[in-house]
Amino acid sequence: MIQKNKHSRRRRIGFTLIEVLLVIGILVVLGTVSVVVYSRVREGANKDMAKIMVDDTAQAVEMFYTQMNRYPGEDGLKELMEKPDDEKEAKRWHLLLEQIPVDPWGEELKYEKMEVTDDQPTAKPYHIWSTGPDKEDGTDDDIKSWTDDGSSGG
């Protein structure tokens with residue numbers, strides 16, 4: 001009878017292999033869930049940051065319009081960084097961007113001057129956008145300063 005107690009005490013001292021594997025399995029599942037949640041939160045934060053960058057750049061373009069009485073043309077956002085050669089414009093010009101903004105995925109924001117038509121009176125005469133996480137222009141994940149109906153914002 002004494003020997004039985006010694007064996008039962010020895011069994012209770014450590015964990016069984018099944019218990020250890022169960023704990024490891026639970027930790028792996030928790031780690032996987034954490035990584036998935038973190039990556040989704042980070043992706044959303046990057047998209048929010050890109051939208052803020054697009055909006056801030058659009059405000060700089062509007063300030064350029066206020067100063068120069070025109071929107072940037074062929075040179076795009078560079079006109080907000082480089083003093084114009086024209087003496088008359090150079091007097092009104094102020095630095096609005098030190099560099100073209102780079103989105104969270106390492107790509108410069110894009111700018112295109114647009115023609116506004118009478119059927120789109122709310123549209124701005126420019127588009128500013130980020131190519132988004134896939135870094136491809138014209139895909140669904142682009143973050144734009146306009147909506148698909150042609151109006152500004154969105």
Original post:
residue 124: surrounded by 11 or more Cβ atoms within 10 Å (Cβ to Cβ), basic (Lys, Arg), in contact with a strand residue (DSSP E or B) (Cβ under 9 Å, 6 or more places away or on another chain) and not in a strand (DSSP E or B), yes or no?
Top reply: yes
**OP:** Give region 56-69 a look and list any residue that's touching a Ser or Thr at 6+ places or on another chain (Cβ under 7 Å) and either of a type in the set (D, E, K, R) or free of Cβ contacts under 8 Å to residues at least 60 places away in the same chain (or both), or say none.
**Re:** none
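For region 93-104, give me the residue count where each residue is loosely packed, with under 15 Cβ neighbours inside 10 Å and either assigned to a loop (DSSP other than H, G, I, E, B) or touching a Pro at 6+ places or on another chain (Cβ under 6 Å) (or both).
So the answer is 4.
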**OP:** For region 111-119, state whether one or more residues are modelled with pLDDT of 95 or more, closer than 24 Å to residue 46 by Cα and touching a Ser or Thr at 6+ places or on another chain (Cβ under 9 Å).
**Re:** yes
**OP:** Out of the residues in region 28-67 that are surrounded by 14 or more Cβ atoms within 10 Å (Cβ to Cβ) and aromatic (Phe, Trp, Tyr), state the one that is nearest to residue 94 (Cα to Cα).
**Re:** 64
Original post:
Which ones in region 68-79 are part of a helix (DSSP H, G or I) and either loosely packed, with under 13 Cβ neighbours inside 10 Å or under 22 Å from the mean Cα position of the chain (by Cα) (or both)?
Top reply: 76, 77, 78
Original post:
Using beta carbons and a limit of 9 Å, which pairs, at least six apart or on different chains, have the first residue in region 15-37 and in a helix (DSSP H, G or I) and the second one surrounded by 10 or more Cβ atoms within 10 Å (Cβ to Cβ) and at pLDDT below 90?
Top reply: 23/15
Original post:
Mind checking which pairs have a first residue in region 81-97 that is at pLDDT 90 or above and a second that is surrounded by fewer than 14 Cβ atoms within 10 Å (Cβ to Cβ) and assigned to a loop (DSSP other than H, G, I, E, B), Cβ under 6 Å, 6 or more apart or different chains?
Top reply: 90/83; 93/83
Subject >> Filter result for the condition that a residue is touching a strand residue (DSSP E or B) at 6+ places or on another chain (Cβ under 7 Å) and among the polar types (S, T, N, Q), over 57, 66 >> reply: 57
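The values are calculated or read from the model by the stated rules, or taken from the named source; none is laboratory data. Since the structure is predicted, the reported quantities are computational estimates derived from the model, not experimental observations. Using ideal geometry, Cβ is built from the backbone for each residue, glycine included, and neighbour counts are taken over all protein chains shown.
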